[in-house]
Amino acid sequence: MPKKLGAEFIGTFWLVLGGCGSAVLAAGFPQVGIGWLGVSLAFGLTVLTMAFAIGHISGCHLNPAVSLGLWAGGRFDKSELLPYIVAQVLGGIAGAGVLFVIASGQAGFDVSAGFASNGFAEHSPNGYSMVAALVMEIVMTFMFLIIILGATDSRAPKGLAPVAIGLGLTLIHLISIPVTNTSVNPARSTGPALFVGDWALGQLWLFWVAPIVGAILAGLVYKWLGSEE
């Protein structure tokens, strides 16, 4: 268990540092920046690389919603849920902490500008409402878990699950960055929100509730869909 939790901590650390780091450090320069397309790819690459690096140790959840979805789908022991979630959240906070240290080294850095936090209404990148954000996060997390559960099914092509999951997360970001800045992961949302405080913490509830609802629904659906009966 300590090795599993260590792997989850490191993996979630990398997801937040790599994904949010691309948004904070590299996306904001129109002439040479990577833009939303690059940020989407960066998040997908963090999961793809960690799936190969630690998937054989912890399963590479990196996300409380994924752990809960796998549990709902009968793929994960409930006794490991809380330790996994704690490790993931701590890893996300550590990733955001390192990113804050780096980003604050630039003159004029203002963490209140967003710091890759997730939000809705006036804090949505394109001003989408709370209802739009809620629906988007539930549906995107639902589809993410369907991809994960399907790609890791014993009947699926061997060795390709990390590719499917990484590309799936990339696609999810391409769809939903304009709406919520894309969460589908409470640990990813919590790390940056703790440093922004204020509105980011006030809206954080949605980025716990919606991904968890979507993930558990997907776990239940795939339990039926993937059944050989």
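The values are calculated or read from the model by the stated rules, or taken from the named source; none is laboratory data. Every value quoted in this text rests on a predicted model; they were computed, and no experiment measured them. Note that each Cβ is placed from the backbone with ideal geometry, even for glycine, and that neighbours are counted across all protein chains shown. Keep in mind that these areas ignore ligands, DNA and RNA; they rest on the heavy atoms of the full protein, side chains included. Shrake-Rupley method; radii C 1.70, N 1.55, O 1.52, S 1.80 Å.
I'm checking my understanding of the structure. Among residues of segment 156-181 that are part of a loop (DSSP other than H, G, I, E, B) and over 15 Å from L145 (Cβ atoms), which one is modelled with the highest pLDDT? My answer is N181. Would you be able to say whether some residue in segment 7-14 is over 15 Å from R188 (Cα atoms), part of a helix (DSSP H, G or I) and charged (D, E, K, R)? Within segment 7-14 (the criterion being over 15 Å from R188 (Cα atoms), part of a helix (DSSP H, G or I) and charged (D, E, K, R)), the answer is no, since none of the residues qualifies.
Residue-by-condition table, conditions (1) of a type in the set (A, V, I, L, M); (2) modelled with pLDDT of 95 or more:
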site	(1), (2)
V32	yes, no
L41	yes, no
L45	yes, yes
R75	no, no
V89	yes, yes
A94	yes, yes
S104	no, no
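Report, by residue number, each residue of segment 212-227 that is touching a Gly at 6+ places or on another chain (Cβ under 9 Å) and under 18 Å from V135 (Cα atoms). Result: I212, G214, A215, I216, L217, A218, G219, V221.
For (1) open to solvent by less than 40 Å² (accessible area, probe 1.4 Å); (2) within 22 Å of N63 (Cβ to Cβ); (3) in contact with a Ser or Thr (Cβ under 9 Å, 6 or more places away or on another chain), each residue gets a yes or a no:
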position	(1), (2), (3)
A113	no, no, no
A116	yes, yes, yes
S124	yes, yes, yes
S129	no, no, no
E137	yes, yes, yes
M143	no, yes, no
I146	yes, yes, no
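Answer yes or no: is there a residue in segment 205-224 that is assigned to a helix (DSSP H, G or I), surrounded by 19 or more Cβ atoms within 10 Å (Cβ to Cβ) and of a type in the set (K, R). Among the residues of segment 205-224, not one is assigned to a helix (DSSP H, G or I), surrounded by 19 or more Cβ atoms within 10 Å (Cβ to Cβ) and of a type in the set (K, R), which makes the answer no. Scanning segment 195-212 turns up one or more residues that are modelled with pLDDT under 95 and of a type in the set (D, E, K, R).
Residue count for segment 1-21 satisfying the condition of being buried (at least 22 other Cβ atoms within 10 Å of the Cβ) and of a type in the set (G, A, S): 4. Scanning segment 150-157 for residues that are touching a Ser or Thr at 6+ places or on another chain (Cβ under 9 Å) and either open to solvent by 80 Å² or more (accessible area, probe 1.4 Å) or within 25 Å of A200 (Cβ to Cβ) (or both) turns up nothing.
Just one of the listed residues (V139, V163, V221, V131) is free of Cβ contacts under 8 Å to residues at least 40 places away in the same chain and out of contact with any Pro (no Cβ under 8 Å at 6 or more places or on another chain), namely V131. If you go through segment 193-204 and keep only what is crowded, with 19+ Cβ neighbours inside 10 Å and touching a Gly at 6+ places or on another chain (Cβ under 8 Å), you end up with F195, V196, A200, Q203. Restricting I165, I175 to those that are open to solvent by less than 70 Å² (accessible area, probe 1.4 Å) and either under 25 Å from G55 (Cβ atoms) or β-branched (V, I, T) (or both) reduces the list to I165.
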